[in-house]
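Below you'll find the structure, written out as structure tokens, and then a few comments.
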Amino acid sequence: MKPLYDFVVIGRQINTGYFASDWTDYVKFVFPLLCLGGIYVLHVLYSRKLKNPLLLLSAALVFNGLFHFFEIYFPDTGIPFGLLFLFSGTVLLAVGSFMLMRRISFHKEIPRVLLWLTRTLFVVTLLFCLSPFLTGLFQEQFYTMMLISLMMAVGFIWAGIGGALLAALQSKAGAADPQVENSQNRQL
């Protein structure tokens, strides 16, 4: 919701660069890093099947977090943090989500909702990668709303992945409980 907050509440234009002026600016680097929790749960549940895509997605999230950190805390260094971290992180996110989508499609035991979410993540990330080439095709207001929508979609997709993983963990825990109970009953 941060891009929408920046646009509606603070009145910022997307992709124009700015100096930190709001408290949310100082913590936004944490948002991509929170998604690492989902990567960890995916690793715990399906580590052998999804190892390489999870490494790429982890790197993508760390790069995006580094971009926001350096953009806010080191604004006048002259180092192209957007190129170093945001571009690299976005490309890694596209490649990692594509690889994750392909791997999940081959393993039927992985919930199908994760397949749909990773497909959506790939498409949204690909659109985000293509968005700089669309600047001249649309009016500035429409282009800004499109970017805000894409940025928010990525956040909602990660939230959906987190929800799907939480459901998978709960169903795994629920499936494990009867086995424990049956083994305890047999021992009695």
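Quote to one decimal, in nm, the extra length available between A167 and K108 on full extension: 0.36 nm per residue of separation minus the C-alpha distance between them.
19.6 nm
Just to check I understand the Karplus step: with θ = phi - 60° and J = 6.51 cos²θ - 1.76 cosθ + 1.60, what whole-Hz values come out for region 150-166, glycine and proline as x?
These are the phi-based 3J(HN,Hα) values: 5, 5, 5, 4, 4, x, 5, 5, 4, 5, x, 4, x, x, 5, 5, 4 Hz.
Region 74-165: which trypsin sites (Lys or Arg not before Pro) are DSSP loop and have at most 12 other beta-carbon atoms within 10 angstrom? Working shown, then result.
Numbers: sites: R102, R103, K108, R112, R119; in loops: K108.
Of the trypsin sites (Lys or Arg not before Pro), the ones in loops of region 74-165 whose Cβ has at most 12 other Cβ atoms within 10 Å are K108.
If Rh is defined by the Kirkwood formula over all Cα pairs and Rg also comes from Cα, what ratio Rg/Rh do you get for region 18-176? Present the calculation step by step, with values, prior to reporting the outcome.
Numbers: Rg = 16.8 Å, Rh = 16.7 Å.
Reported Rg/Rh, Kirkwood definition of Rh: 1.01.
Within region 128-172, list the chymotrypsin sites (Phe, Trp or Tyr not before Pro) lying in a DSSP loop whose Cβ has at most 16 other Cβ atoms in a 10 Å radius. Write out the running numbers ahead of the final one.
On the way: sites: F128, F133, F138, F142, Y143, F156, W158; in loops: F138.
Passing sites in region 128-172 are F138.
Where nothing but the Cβ of Lys and Arg (+1) and of Asp and Glu (-1) is charged, how large is the charge dipole of region 47-160 around its Cα centre, in debye to the nearest 20?
Around 860 debye, computed over region 47-160.
Quick note: the coordinates plus some simple rules give every number you see, no bench work behind them. These figures come from a predicted structure and were not determined experimentally. Every residue, glycine among them, receives a Cβ derived from its backbone with ideal geometry; neighbour counts consider all protein chains shown.
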